[in-house]
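Colleague: I'd like to ask some things about the structure below.
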Amino acid sequence: MNAMWKSLFGLIVICLMSALNLEAQDHLLKVKVISPASTPLNDTLILVGEDSKIGNWFYPSAPRMERENDSTWVYEGYFPGNSFVNFKITRGSYYKEAMYYNGDVAPQPFSLVKDTTLVIHPTNWNDLYNRSITGNVRYHHQFADTHLKNTRDVVVWLPPSYDESSDKRYPVLYAHDGQNLMDQSTSYGREWRMDEIADSLMKAGKTEEFIIVAISNTKDRWVEYSGTPEGMDYLNFIVDNLKPFIDKNYRTKTDKANTAMLGSSMGGLISFYMAWLHPDVFSKAAGLSSGFAFDDGNILKQVAESNKKLAGTRLYLDCGDQELDKHFLPANDEMDKLLVSKHSEIELKYEVFPGEFHNEQAWSKRLEIPLMFLFGK
């Protein structure tokens, strides 16, 4: 071997050895958490994750984080080079995890290739944000979209068997006015008890198990839940941003046959719009006391004049007979007649409830009917 090839071979060997040494070298991971003001003074922060040094997801075994001051906590640990790091910030339990802006649930997983310091700023804690929800829930705090003015909170309710099998996938129900659905502490008036009702239907075998994605409204509720440009942006937010996020982070059945939407009043209106405009994504929709009479996009006229078909679509509509003063019942009656005359291809259910008014209590009383229509066995 001549001198040039010997030199080249020697350089390759040195590079390979350097790379191996770099991979074998331990690297320091330092995590600094600036805790939100809601953090209980007597609680301790801890990481849960995939590496045994951090702690199992459900049974934390890592050392507690060190308290640097009233709001700052620090963790330090050494890991082999190129270790895959995946963890969440908790207060000692997976069910007391930190929440963040823009839909993040935790720092993003990464490979540790050098000494690394992370500074993390949670905005709240899931168990402190919503207190009265029954079942297994996840929180996505202040979810953002570039086309919408306001962020919004998203609560994901998981069915009873979700943690029993890592392979099973579930249909998904996207529901509007999310703060009113499962938690009395965040609702306007009385909560729907959607969590308890869905849980009981599933355990009784009356419906298949499904995931609920409860989307909180914002101060722009009226325009976002109507046929306005803002309403179209809201629908696109769900189709292009929120649904892909949910499908990526949860075990969902992603096809249209297993994707549904539900809402009341203006939330029922925008649920109908989703099925009308995106039947390739959402094949099921339920509108309780839908605000068809208050739509800036005049959906009644659109349905009357359109020749489009909604094959494979399942629609539920209802109204209370005491909603005449607000024009809800006449408009819902009109929509029912239009759908019956023009859309025999869809599966439609329409009910009028005697003595019922336009409020959360009335919708809660009859919620099991649309849930069974959308997901019944």
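Colleague: Per-residue counts of other Cβ atoms within 10 Å, averaged by peptide: what ranking do you get for 283-294, 77-88, highest first?
Modeller: Output ranking for 283-294, 77-88: 283-294, 77-88.
Colleague: Moving on to the next point. How many percent of the accessible area of the chain is carbon or sulfur, using a 1.4 Å probe?
Modeller: 52
Colleague: Here's another thing I want to ask about it. By the gyration tensor of its Cα atoms, with a ≥ b ≥ c the square roots of the eigenvalues, what is the shape of the chain: rounded for a/c under 1.5, prolate for a/b over b/c, or oblate?
Modeller: It is prolate, given that a/c is not under 1.5 and a/b is the larger ratio.
Colleague: Please give the length that would be gained between Ser341 and Thr117 if that part of the chain were fully extended, namely 0.36 nm times their separation in residues minus their C-alpha to C-alpha distance (nm, one decimal).
Modeller: Between Ser341 and Thr117, full extension yields an extra 74.2 nm.
Colleague: Roughly how much of Thr117 is accessible, in Å² to the nearest 10, using a 1.4 Å probe?
Modeller: Accessible surface of Thr117 is approximately 90 Å².
Colleague: Testing the spin-label approximation: label points 7 Å from Cα along Cα→Cβ at Asn236 and Arg366. State their distance in nm.
Modeller: Going by the 7 Å Cα→Cβ label model, 3.5 nm.
Colleague: Would you work out the charge dipole size for region 161-303 about its Cα centre, treating the Cβ of every Lys and Arg as +1 and the Cβ of every Asp and Glu as -1, and quote it to the nearest 20 debye?
Modeller: 280
Colleague: Angle, helix 328-342 long axis vs. longest principal axis of the chain, Cα atoms, 0 to 90°, nearest 10?
Modeller: Once rounded, the angle reads 90 degrees.
Colleague: Determine, from the Cβ-Cβ distance of Asp163 and Lys206 and an R0 of 22 Å, the FRET efficiency 1/(1 + (r/R0)^6), rounded to the nearest 0.05.
Modeller: Approximately 0.50, to the nearest 0.05.
Colleague: Oh, and also: Nothing charged except the Cβ atoms of Lys and Arg (+1) and of Asp and Glu (-1): what's the magnitude of the dipole of region 239-377 about its Cα centre? Round to the nearest 20 debye.
Modeller: It works out to roughly 680 debye.
Colleague: Okay, moving on. In Å², what does the accessible area per residue of the chain work out to with a 1.4 Å probe?
Modeller: 46
Colleague: Please report how far the C-alpha centroid of region 232-247 lies from that of region 317-364, rounded to the nearest whole angstrom.
Modeller: With region 232-247 and region 317-364 each reduced to a Cα centre, they are spaced 27 Å.
Colleague: Against the longest alpha carbon principal axis of the chain, how many degrees, from 0 to 90 and to the nearest 10, is the axis of helix 266-277 turned?
Modeller: With both axes taken from Cα atoms, the answer is about 80 degrees.
Colleague: Of the options Gly178, Gly297, Ser264, report the single residue whose Cα projects farthest towards the positive end of the charge dipole of the chain (beta-carbon charges: Lys, Arg +1; Asp, Glu -1).
Modeller: Positive-most Cα among the choices belongs to Gly178.
Colleague: Which shape class applies to region 292-352: rounded if a/c is under 1.5, otherwise prolate when a/b exceeds b/c and oblate if not, where a ≥ b ≥ c are the square roots of the Cα gyration tensor eigenvalues?
Modeller: In terms of gyration-tensor shape, oblate.
Colleague: Here's another thing I want to ask about it. Restricting to DSSP H runs of at least four residues, report the calculated mean residue ellipticity at 222 nm for the chain, -39500 (n - 2.57) per run over all residues, nearest 500 deg cm²/dmol.
Modeller: -8000 deg cm²/dmol
Colleague: If you don't mind, another one. Given a cut-off of under 8 Å on Cα pairs at least six residues apart, what relative contact order in percent is computed for the chain?
Modeller: Relative CO of the chain lands at 12 percent.
Colleague: Also, I was wondering about something else. Students often forget the sequence filter, so: which lysines lie under 24 Å Cα-Cα from Lys342 once same-chain residues fewer than 8 apart are removed?
Modeller: Lys256, Lys284, Lys301, Lys308, Lys309
Colleague: Mind checking the dipole of the chain: about its Cα centre, +1 per Lys or Arg Cβ, -1 per Asp or Glu Cβ, Debye to the nearest 20?
Modeller: 780
Colleague: Rounding to the nearest 10 and keeping the result within 0 to 90°, find how far the Cα-based axis of helix 194-203 lies from the longest principal axis of the chain.
Modeller: Helix 194-203 and the main axis of the chain meet at about 90 degrees.
The values are calculated or read from the model by the stated rules, or taken from the named source; none is laboratory data. Given the structure is predicted, the values throughout are model-derived calculations rather than measurements. All Cβ positions, even for glycine, are placed from backbone atoms using ideal geometry, and neighbour counts span all protein chains on display. The accessibility values were calculated without ligands, DNA or RNA, using every heavy atom of the protein model including side chains. Shrake-Rupley method; radii C 1.70, N 1.55, O 1.52, S 1.80 Å.
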